[in-house]
1. Helix 94-103 against the longest principal axis of the chain: what's the angle in degrees, Cα atoms only, rounded to the nearest 10?
2. How far is it, in nm, from the label point at E77 to the one at T8 when both lie 7 Å from their Cα along the line to the Cβ?
3. For the chain, which span is the longest to avoid every loop-located (per DSSP) member of trypsin sites (Lys or Arg not before Pro) having at most 11 other Cβ atoms inside 10 Å?
4. What order do you get for M69, M121 when you list them from fewest to most C-beta neighbours inside 10 Å?
5. Determine the percent antiparallel among the DSSP beta bridges restricted to region 8-140, to the nearest 5.
6. With the crude spin-label approximation of a point 7 Å out along Cα→Cβ, what separation in nm comes out for N106 versus N61?
7. What Kirkwood hydrodynamic radius, in Å, does the chain give when the mean of 1/r is taken over all pairs of distinct Cα atoms and then inverted?
8. Where does region 47-92 land on Rg(C-alpha)/(2.2 N^0.38 Å)?
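Here, each number is a calculation from the coordinates, and none is a lab measurement. Since we're looking at a predicted model, the values are computed, not measured. Cβ sites come from the backbone with ideal geometry, for glycine too, and all protein chains shown count toward neighbours.
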Amino acid sequence: MAEHTMDTTTIAGRVVPVRAGPRTVVTFVGNCDPADPAGDYDFWIISDGKSGCTGRRLAGNDPGDRFRMMEGKPGYEKAWAVACAAVKIAPASAEHLISWLDSHPNEAACATKCRVNSVDMQVVKLSNSKYELQTLSKSLS
């Protein structure tokens, strides 16, 4: 789980900078969604300078892939608008990842471990059905 190697990607015909840094990677087991195979997924945040959207894609793919897939898809209109006006893509933070897990309970149930900002953590479901990331020394929630 290394740093990504792309400086830019293209979305809606625009070049979007990809911020350097270690990738945010989550390991999913099982088949929570038949369209999404088990394995490692990179998590990215795309921002238009005012708002942002978190997306995931199988590890090692172009960071813009997931956001390009939103074009014309019902339910993704706001995310696509952000992608079309994007000023950057960056590896998702722990907070962005937790928010995504909380808002995607079916997929989150299959998340086991992750690496955020070069720190290995475990994905844990809490009794209130929210998620947190646990390291050996502390929790992020």
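1. The two axes meet at around 80 degrees.
2. Label at E77, label at T8, 3.1 nm between them.
3. Working: sites that count: K50, K138.
No qualifying site falls inside 51-137, the longest such stretch.
4. Working: M69 14, M121 21.
Taking fewest neighbouring Cβ atoms as first place, the list is M69, M121.
5. Values: 35 of 36 bridges.
DSSP beta bridges in region 8-140 are roughly 95 percent antiparallel.
6. So the label points at N106 and N61 sit 1.8 nm apart.
7. Working: mean 1/r = 0.0653 Å⁻¹.
Kirkwood radius, the chain: 15.3 Å.
8. Working: Rg = 10.1 Å, N = 46, 2.2 N^0.38 = 9.4 Å.
After normalising by residue count via 2.2 N^0.38 Å, the value is 1.07.
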